Amino acid sequence: MSTTTNQHPAISDSQSVTTENMDAPKPTVKRKSNASKSWNTTMKLVRRVHLYSGLFMFPWVLLYGVTGMFFNHPRWFTGDNVQSFVAAEVSKNELAQLPASDSLAEKIVASLNEQLKETQDPEVVLTDLRTPHYSGDLTYTVNAEEVSHTVSINPVTGDGEIRTTKAVPEADQPVETPNPLQGIRRVEIESNPLLVAKNAVPAVLENLDLPSGEANTGRRAASLTFSAEVDGEPVAIVYNLGNGFIATTHEDAELPMNSKSFLQRLHLSRGFSPHWNFKTLWGLMVDMMFLSMVFWGISGLFMWWQIKRTRLLGGGFIIASLAITAFFIIGMHDSLTVAGNRRGGGNRGPGAAAAGGRNGQQASTQNPGRGGNRGRGGAGGNRGGHQHGTNAASGQERNEDDVLFEELEQMLLEQERVEKTQSGSAERSKAE
């Protein structure tokens with residue numbers, strides 16, 4: 001009896017607690033607003049687009065990244081034998097005692113003042129606003145038996161490196177395909193669309209109530225590419241609308257372009273064709289690459305901000321990145337604007353454009369064959385036509401974009417020319 005009576009209070013207490021819990025008010029669940037739901041849905045979409053666009057554009061990211069490295073280090077992955085040297089160990093102090101940049105600047109100023117004395121012009125005074133510095137290494141090419149050397153010397157220390165290229169065996173060299181139009185360099189066509197449209201441009205401007213004047217064709221003219229047969233031989237013909245130059249390539253010719261040069265030219269490919277072809281499609285992909293890179297940067301910021309524990313550290317990285325970027329932009333702006341005169345363009349003044357036009361016209365007259373037909377690599381001839389004929393006709397300031405891309409193209413052409421010259425010179429030395 002006593003045991004039973006002792007259990008009832010316990011049961012009663014348990015029932016009482018349970019009843020109280022059931023009667024207690026339930027916590028209210030905070031419902032998300034429509035704006036919050038929309039934000040979460042949008043961010044989910046942003047993350048998905050960020051992910052799949054990165055996967056889709058991966059080949060182009062790889063292309064521009066790798067070829068960018070090739071432009072910054074043009075001598076990498078060439079298969080050359082590289083050997084470094086120290087000036088004091090390989091020369092009789094000639095390389096170890098190269099003229100210092102500041103002393104050379106003083107000599108140049110002194111020489112300028114000597115010339116200015118004859119015309120009684122103002123005196124040139126060396127200042128410390130800009131520290132004298134060299135823009136690059138001293139480079140030389142030496143052709144030897146069976147090999148060719150490219151020597152690069154640091155003008156400050158005298159140290160350098162030698163890159164040795166072996167001659168390409170005759171069995172590995174592409175077979176020369178005869179060019180059936182080798183003797184024809186240019187063709188004059190009266191119904192040239194570039195000339196027809198040129199005459200109509202002033203009237204178009206007048207009809208649109210815009211200031212008008214003489215129309216110039218610009219530095220680079222369009223070209224017409226088509227295929228034909230010459231005595232049964234298939235050829236590709238490129239006609240430059242600006243100067244009438246003809247560049248022909250045998251359809252079966254092996255173009256002298258290695259994989260590295262081809263990838264670099266893909267990097268430089270830009271613009272659109274009037275027709276729907278691979279150039280137009282490539283231009284669209286370049287636009288997609290631009291949009292993707294901008295989107296990745298902006299979407300990355302939103303994705304970072306969503307992770308609260310990384311906001312402080314990420315904010316520090318952003319501030320540091322902005323500061324470093326501004327520092328480099330300011331420094332490179334000064335370097336690039338001053339470097340504009342270093343390619344032998346002479347002093348830039350009001351008559352620079354006219355002088356450039358006269359020089360281009362003189363070069364075109366003295367070298368009418370440049371940019372002519374080639375059995376292999378006829379496109380190179382077409383480029384030559386662009387540089388001489390069209391620029392000579394316009395005599396106007398060069399577009400900054402054209403200048404930039406032309407410098408890159410010239411670097412590629414020079415690189416290909418050196419490789420071809422080294423191979424040919426070494427082969428001739430071997431034959432002798």
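The values are calculated or read from the model by the stated rules, or taken from the named source; none is laboratory data. These numbers were taken from a predicted model, which means no experiment stands behind them. As a convention, Cβ positions derive from the backbone with ideal geometry for all residues, glycine included, and neighbour counts pool all protein chains shown.
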TODO: State whether one or more residues within segment 211-231 are closer than 30 Å to residue 75 by Cβ and small (Gly, Ala, Ser).
DONE: no
Task: Out of 301, 210, 281, 205, sole residue that is surrounded by fewer than 16 Cβ atoms within 10 Å (Cβ to Cβ), at pLDDT 85 or above and in a loop (DSSP other than H, G, I, E, B) - done: 210
- [ ] Could you check, for segment 277-285, whether at least one of its residues is closer than 30 Å to residue 43 by Cα and of a type in the set (A, V, I, L, M)?
- [x] yes
- [ ] Could you please tell me which pairs satisfy a Cβ distance under 8 Å, a separation of 6+ or placement on different chains, a first residue in segment 139-153 that is under 16 Å from residue 87 (Cβ atoms), and a second residue that is of a type in the set (Asp, Glu) and outside any strand (DSSP E or B)?
- [x] 152/137; 153/137; 153/159
Open item on the list: One residue is enough: does segment 54-68 have a residue meeting the conditions over 27 Å from the mean Cα position of the chain (by Cα), without any contact (Cβ under 8 Å) to a residue 60 or more places away in the chain and surrounded by fewer than 13 Cβ atoms within 10 Å (Cβ to Cβ)?
Closed with: no
Open item on the list: So if I check each of 265, 219, which one is under 23 Å from the mean Cα position of the chain (by Cα), of a type outside the set (S, T, N, Q) and either assigned to a loop (DSSP other than H, G, I, E, B) or on the phi > 0 side of the Ramachandran plot (or both)?
Closed with: 219
Open item on the list: With within 30 Å of residue 292 (Cα to Cα) and among the β-branched types (Val, Ile, Thr) as the only criterion, which of 67, 78, 131, 127 stands out?
Closed with: 67
Open item on the list: Go through (1) at pLDDT 80 or above; (2) assigned to a helix (DSSP H, G or I); (3) not acidic (Asp, Glu) for residue 21 and report which single condition fails.
Closed with: (1)
TODO: Consider residue 236 carefully, then state whether it is assigned to a loop (DSSP other than H, G, I, E, B) and either within 22 Å of residue 271 (Cα to Cα) or outside the structural domain of residue 277 (by the TED database) (or both).
DONE: no
- [ ] Determine the pairs where a residue that is within 29 Å of residue 152 (Cα to Cα) and touching a residue at least 40 places away in the same chain (Cβ under 8 Å), located within segment 107-135, has a partner that is among the small types (Gly, Ala, Ser) and surrounded by 11 or more Cβ atoms within 10 Å (Cβ to Cβ) with Cβ atoms under 8 Å apart, the partner being 6 or more residues away or on another chain.
- [x] 135/339
